[in-house]
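Inspection log for the structure reproduced underneath, given as C-alpha cells.
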Amino acid sequence: MLDAIHPNILALCSAALIAFARVSQRYAIPRMKMHTANLVMACATTTLGWLFFRIEGPLDQMPYQGIFWFMAMGFFGSFLGRYINFVAIRYTGLARAAVMSQTVLVWSALLAVFILGEEMSLQKAGGILGVMCGASLLVYNPKGDSGRRIPLHYYLIPIVSAVMYAFAHLVGKFAFEWISSSAFGMAVANTTSLMILLGMAPFAQSERDPGAGSDKKGFFVLLLGGALQGCGIFFFWSSVKLGEITRVIPLTRLSVLLIIFLSWLLFRQQENVTWRVVLGALIALAGAFFTVTGR
C-alpha cells in the first residue's frame with residue numbers, strides 16, 4: 001500500500017504518529033490497570049491491522065513460514081516489547097523510559113549487521129550513536145518525571161523492552177522474505193499479542209492498580225493513542241520492509257523529539273525545555289542526517 005513512498009519518509013511519519021501515541025499513554029496509563037491498557041492498545045492496533053490488510057487486498061500466497069515469523073514479530077514486539085515498555089513508563093516515568101529505550105538502536109544495528117549482513121560504515125555508526133546520545137540527552141532528567149529518585153535496577157526494565165523490540169525488527173525482516181505485506185504482518189503480529197493478553201487476563205488482576213474503567217477519559221485518550229500508534233506501526237513496518245534496519249530505526253527514534261515537546265506543551269510543570277534539551281535535539285538531528293547519508 002505504501003511501497004511507492006521512500007522508507008526514510010515512512011520512518012519519519014511513523015516517528016510523528018508514535019510520539020502522539022506515547023504522550024496519550026502517559027496520561028492514560030496511571031489511570032488504568034496496566035493489563036487493561038495493554039488490551040485497549042492491542043485491540044486498536046489489531047483492528048487497524050486487519051483494516052489495512054482488507055484495503056490492501058488479498059495475497060497470492062501465505063506460506064506458513066511467513067506467518068510463523070509474523071507471529072514471532074508480534075510476540076517480541078507487540079506483546080513483550082510493548083508490555084515491558086508500559087511497565088517501564090509506570091516505574092521510571094516517560095522521560096526515563098524514553099532515554100533507556102534508545103539503546104534499541106544499538107541492539108537493532110548489531111543484529112542487522114551480524115545476522116542480516118547489512119553494511120555498517122563509520123559514518124552510519126556515528127550517526128546511530130548520535131541519535132541515541134542526542135535523544136538520551138534531550139530527555140535526561142536527574143530526578144525523573146515527578147522529581148523522585150529512581151532505583152538503579154529499574155533502568156533494566158526499558159533496556160529489556162529495547163532488546164525485545166530489536167528482536168522484533170530482526171524477525172520482521174525474515175517474515176517479509178516470505179510474505180511481502182506490512183499490513184498482513186501488522187495484523188498477524190498484533191492478533192498474536194492480543195490472544196496472549198486475553199489468555200493472561202484472568203491472572204492479571206492487581207489490587208494496587210485502579211479499577212478497570214475507573215477513568216473514562218483515560219480510556220478514550222488511550223483508545224485514541226492506540227489508533228495513532230496503529231497507524232504509526234503500519235508506517236514503521238512498511239519502512240522496515242523497504243529499507244535497511246540500520247537506517248530506518250534511527251529515524252523512527254526521532255519520535256523522542258516530539259515526545260519531549262508535546263510533554264512540555266501538555267505537562268509544563270513536569271517537563272522543562274533547557275539547554276540540555278536543545279543540545280540533545282541538535283545532536284539527534286545531526287545523527288539522523290549522518291545515518292541517512294552514510295554509505
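Do we find a residue being out of contact with any strand residue (DSSP E or B) (no Cβ under 7 Å at 6 or more places or on another chain), of a type in the set (Lys, Arg), part of a helix (DSSP H, G or I) and at pLDDT 75 or above anywhere in the range 250-257? Before the answer, list the steps.
Just the residues of the range 250-257 that are out of contact with any strand residue (DSSP E or B) (no Cβ under 7 Å at 6 or more places or on another chain), to begin with: 250-257.
Of the ones still in play, those that are also of a type in the set (Lys, Arg) are 253.
Of the ones still in play, those that are also part of a helix (DSSP H, G or I) are none.
No.
Could you go through the range 3-25 and let me know if any residue there is part of a loop (DSSP other than H, G, I, E, B), farther than 26 Å from Phe261 by Cβ and modelled with pLDDT of 90 or more.
First pass over the range 3-25, keeping only residues part of a loop (DSSP other than H, G, I, E, B): 3-6.
Those left that are additionally farther than 26 Å from Phe261 by Cβ: 3-4.
Right, trim to modelled with pLDDT of 90 or more and you get none.
No, because not a single residue in the range 3-25 is part of a loop (DSSP other than H, G, I, E, B), farther than 26 Å from Phe261 by Cβ and modelled with pLDDT of 90 or more.
Would you mention how many residues in the range 56-99 are hydroxyl-bearing (Ser, Thr, Tyr) and more than 14 Å from the chain's Cα centre (by Cα)?
Residues of the range 56-99 hydroxyl-bearing (Ser, Thr, Tyr): 64, 78, 83, 91-92.
With more than 14 Å from the chain's Cα centre (by Cα) added as a condition, the list becomes 64, 91-92.
Here the count works out to 3.
Which pairs do you get when a residue that is within 22 Å of Lys173 (Cβ to Cβ), found in the range 1-24, comes within reach of a residue that is of a type in the set (Asp, Glu), reach meaning Cβ atoms under 7 angstrom, with the pair 6+ apart or on two chains?
Final answer for the pair search is Met1/Glu56.
Could you grab me the full set of residues in the range 87-127 that are assigned to a helix (DSSP H, G or I) and over 15 Å from Ala162 (Cα atoms)?
The answer is Arg90, Tyr91, Val113, Phe114, Ile115, Leu116, Leu122, Gln123, Lys124, Ala125, Gly126, Gly127.
Going by the conditions given, is Trp50 under 13 Å from Ala187 (Cα atoms), at pLDDT 80 or above and not hydroxyl-bearing (Ser, Thr, Tyr)?
yes
The values are calculated or read from the model by the stated rules, or taken from the named source; none is laboratory data. Since we're looking at a predicted model, the values are computed, not measured. Note: ideal-geometry Cβ built from the backbone for every residue, glycine included; neighbour counts use all protein chains shown.
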